[in-house]
Amino acid sequence: QVHVEESGGGLVQAGGSLRLSCAVFGTFRTVADMAWYRQARGKQRELVGKITLDGSTTYVDSVKDRFTISRDNAKNRVYLQMSGLKVEDTAVYYCNAVALAWRDWAPLDSWGQGTQVTVAA
């Protein structure tokens, strides 16, 4: 079983910075892709960005040059450094992790409960 837990959300002024963390717990061979999603009130969940096991990253256009995803493979953690925050970045941010099962390398797609990020004007 895989458990994903986010932390680091909160209230910040527009233009400020915030760092989210996500830890993956459980029994698995390794964690492959890790990603951050967000869901604003009344909107669909969207991909913010993702990072592969070898560290390759992709981002949605709206956060490029402002957000950075990084990971610590030894600790099974992924981070989202957010700067230049805008009111429209306000959302619940979710961590998604694809762990690989020990026995057969099967992908175990897991989600955290989410952490609220609120950007005040």
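The values are calculated or read from the model by the stated rules, or taken from the named source; none is laboratory data. Just so it is clear, the structure is predicted and the values come from calculations on it, not from any experiment. Neighbour counts are summed over all protein chains in view; Cβ atoms, including those assigned to glycine, are modelled from backbone coordinates with ideal geometry. Accessible surface is based on the protein model in full, side chains and every heavy atom, while ligands, DNA and RNA are left aside. Shrake-Rupley method; radii C 1.70, N 1.55, O 1.52, S 1.80 Å.
Could you work out the mean projected area of the convex hull around the alpha carbons of the range 30-73, in square nanometres to one decimal?
Computing the convex hull of the Cα atoms and averaging its projections yields 3.6 nm².
Which order do the peptides 15-27, 45-57 come out in when sorted by mean C-beta neighbours inside 10 angstrom, highest first?
15-27, 45-57
Hey, what D do you get for the chain in µm²/s if you plug the Kirkwood alpha-carbon radius into Stokes-Einstein at 4 °C and 1.567 mPa s?
After rounding, the answer is 90 µm²/s.
Return an integer: the convex hull volume of the alpha-carbon atoms of the range 62-121, in Å³ per residue.
Expressed per residue, the convex hull around the Cα atoms of the range 62-121 is 104 Å³.
For the chain, with every protein chain kept in place, what is the accessible area per residue (1.4 Å probe, Å²)?
It amounts to 55 Å² per residue over the chain.
Towards the positive end of the charge dipole of the chain, with charges on Cβ (+1 Lys, Arg; -1 Asp, Glu), say which of Ala74, Ala14, Gly55 has the farthest Cα.
Ala14
At a 1.4 Å probe, what is the % contribution of carbon and sulfur to the accessible area of the chain?
Of all accessible area on the chain, carbon and sulfur atoms account for 49 percent.
Let me check the size of the range 45-95 from its C-alpha atoms; what are the radius of gyration and Dmax in Å?
Looking at the range 45-95, its Cα Rg and Dmax stand at 11.3, 34 Å.
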